[in-house]
Amino acid sequence: MPQILKSAIGPMLRLALYQPDIPQNTGTMLRTAACLGLSVEIIEPAGFDVSDRHLRRSGLDYLDHVAITRHRSWEAFSQWRRAAGCRLVLATTSGALPYTGFAFSEGDCILLGRESAGVPESVHEAADARVVVPIRPGLRSLNVAVAAAMIAGEALRQVAGPPRLTRSTWDGTSQP
């Protein structure tokens, strides 16, 4: 069972998962968030038990390195978000603005919908912005975990600047 932590105060960026369906995708997004230093908001109900062993299988030992907050409903998440002052950026196949053309800001919350159904219209209306990952015509969508990684990477690049690689990145030493 993953350790459920409270969100860090004032994280740079957050991922929000709207009623996720597939534990493996959720585990992958949690692992991505741990590696990139993002907090995660899980908006329930999920299509599986979020303490399920499937999350541990996909997230491996990375789950202990990510701040996860569970919200029992969209309404509970919405109340929390308003109080926290987070801008809600919805990733959606019906978005008009490519994610690379959007100006992300510190504190943004990137919302990803259900694998099976996306999000309802009321969630679209609540979003401060709607972005899309452009794909080739005739194809439906990317895997939600892939889209999350692409958008989070761009958001971090904009907010924190390009990563500075050090020798430790490659061989475990701490030399620049």
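The values are calculated or read from the model by the stated rules, or taken from the named source; none is laboratory data. Worth saying up front: this structure is predicted, and the values here are computed from it rather than measured. Glycine also receives a Cβ, built like all others from the backbone with ideal geometry; neighbour counts cover every protein chain displayed.
Considering only residues of segment 22-45 that are part of a loop (DSSP other than H, G, I, E, B) and touching a helix residue (DSSP H, G or I) at 6+ places or on another chain (Cβ under 9 Å), which is surrounded by the most Cβ atoms within 10 Å (Cβ to Cβ)? Even if it seems obvious, please write down each step before you answer.
Here is the first cut: in segment 22-45, the residues part of a loop (DSSP other than H, G, I, E, B) are 22, 37-38, 44-45.
Next cut, touching a helix residue (DSSP H, G or I) at 6+ places or on another chain (Cβ under 9 Å) only: 22, 37-38, 44.
Working: Ile22: 19, Gly37: 16, Leu38: 24, Glu44: 17.
Restricting to residues being part of a loop (DSSP other than H, G, I, E, B) and touching a helix residue (DSSP H, G or I) at 6+ places or on another chain (Cβ under 9 Å), the top hit is Leu38.
Among the residues of segment 113-132, what is the count of those that are modelled with pLDDT of 95 or more and small (Gly, Ala, Ser)?
Of the residues in segment 113-132, 5 are modelled with pLDDT of 95 or more and small (Gly, Ala, Ser).
Of all the residues that make up segment 136-157, how many are touching a Ser or Thr at 6+ places or on another chain (Cβ under 8 Å) and either at pLDDT 95 or above or assigned to a helix (DSSP H, G or I) (or both)? Before you say what the answer is, go through the steps one by one.
So in segment 136-157, the residues touching a Ser or Thr at 6+ places or on another chain (Cβ under 8 Å) come out as 140-141, 145, 147-149, 152, 154.
Among the residues that remain, those that are also either at pLDDT 95 or above or assigned to a helix (DSSP H, G or I) (or both) are: 145, 147-149, 152, 154.
Number of matching residues: 6.
Inspect segment 1-18 for any residue being at pLDDT 95 or above and over 15 Å from Ile151 (Cα atoms) and give the result as yes or no.
Yes, the conditions are met somewhere in segment 1-18.
Go through segment 124-155 and give me each residue that's touching a residue at least 40 places away in the same chain (Cβ under 8 Å) and more than 20 Å from Gly27 (Cα to Cα). Walk me through it before giving the result.
Looking only at segment 124-155, we keep the residues that are touching a residue at least 40 places away in the same chain (Cβ under 8 Å), and these are 126, 128-133, 140-141, 143-145, 147-155.
The answer is Ala126, Asp128, Ala129, Arg130, Val131, Val132, Val133, Arg140, Glu154, Ala155.
Looking only at segment 71-95, count how many residues are at pLDDT below 95, crowded, with 16+ Cβ neighbours inside 10 Å and farther than 15 Å from Ile110 by Cβ.
So the count comes out to 0.
With the structure loaded, tell me whether Gly113 is among the small types (Gly, Ala, Ser), on the phi < 0 side of the Ramachandran plot, crowded, with 20+ Cβ neighbours inside 10 Å and out of contact with any helix residue (DSSP H, G or I) (no Cβ under 6 Å at 6 or more places or on another chain) or whether it fails that test. Show your work before the answer.
Numbers: among the small types (Gly, Ala, Ser): yes; on the phi < 0 side of the Ramachandran plot: yes; crowded, with 20+ Cβ neighbours inside 10 Å: yes; out of contact with any helix residue (DSSP H, G or I) (no Cβ under 6 Å at 6 or more places or on another chain): yes.
Against the criterion (among the small types (Gly, Ala, Ser), on the phi < 0 side of the Ramachandran plot, crowded, with 20+ Cβ neighbours inside 10 Å and out of contact with any helix residue (DSSP H, G or I) (no Cβ under 6 Å at 6 or more places or on another chain)), Gly113 qualifies.
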